[in-house]
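Comments concern the structure below.
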Amino acid sequence: MKIGTDISALNMTETALVWLRLNFMDIIGGFAVLFIGLFLASVISRAVSRALNSGDRFEPTVARFLSNVVKYALWVVVLVTVLTQFGVETTSILAALSGVALAIGLALQGTLSNVAAGVMILLQKPFRVGEAINVGNITATVQNIGLFTTELKQFDGLFVMIPNAELWNKPIVNFHRHPTRRFELVVGIAYSDSMEEARTQLLGLAHADERVLKDPEPVAFVNTLGDSSVGIGLRVWCSIDDYIGLTWDLTEAAKARFDEVGLTIPFPQREVLTRQAA
């Protein structure tokens, strides 16, 4: 079969053979660009992943997300290059893809906002897995941080899943970010009792507990003058790991010590007068 043969006289198979002979080099070049481009995209994405995971700046989820973005972007470049190699006009294709991307973005606006918030959380690191946080009326330990949602476990064992957009738009209190924390105890005494004695006893309890830090040093003070009692405050600093146990132990020890030295912890009382009718 010669190239000069009238193509209208050829059947489908012969037409395909003619097209292959005419475009053989372009096909070989297109497949070469495809395989080499995909190989380079894989190498570059792995290099980006290693670079992002080499330090503590990026969480593994963010590193994986960014490396995938790089990989897929390179795939698009390779695909456009291959289509150009075959002589396909890519301008209209790119315009159509842009329209589709815009439509998908509008349809998934809420989902994309969660992804954006998830990336910000993973980059800014207001909390990490294993830390206890308070968000709104929820106090829980972080179990998993994803691009769409964050999983929490409340102290009573209940599971909580919060969309990242909702989480990112609220004040976040992190109980474990700093290594130390202050505890304040207020104990009421009767107006007839000695305020100096109460401060001395509370400071004695603080100095006797090894979990109480020496710097900043414990402070005892008159906190309130209530209707039926004088509030004596004690402020101490401790390690974050000792906080819960120290609050329980100091509260119990204060009650026991005040009972031992004769300091009264009053409670509100009400007198009822009964009058007889004339």
**OP:** Report whether or not T139 is among the hydroxyl-bearing types (S, T, Y), surrounded by 12 or more Cβ atoms within 10 Å (Cβ to Cβ) and either under 25 Å from the mean Cα position of the chain (by Cα) or at pLDDT below 65 (or both).
**Re:** yes
Original post:
Of all strands (runs of 3 or more DSSP E) completely enclosed by segment 175-275, which ones contain at least 3 residues that are more than 30 Å from V142 (Cα to Cα) and in contact (Cβ under 8 Å) with a residue 60 or more places away in the chain?
Top reply: 180-189
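Results for (1) modelled with pLDDT under 75; (2) surrounded by fewer than 12 Cβ atoms within 10 Å (Cβ to Cβ), shown as yes or no for each residue.
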residue	(1), (2)
T61	yes, no
L66	yes, no
K71	no, no
V76	no, no
T90	yes, no
S98	yes, yes
L112	no, no
P126	no, no
A132	no, no
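The values are calculated or read from the model by the stated rules, or taken from the named source; none is laboratory data. Predicted, not measured: the structure shown is a model, and the values here were computed from it. Backbone-built Cβ (ideal geometry, glycine too); neighbour counts: all protein chains shown.
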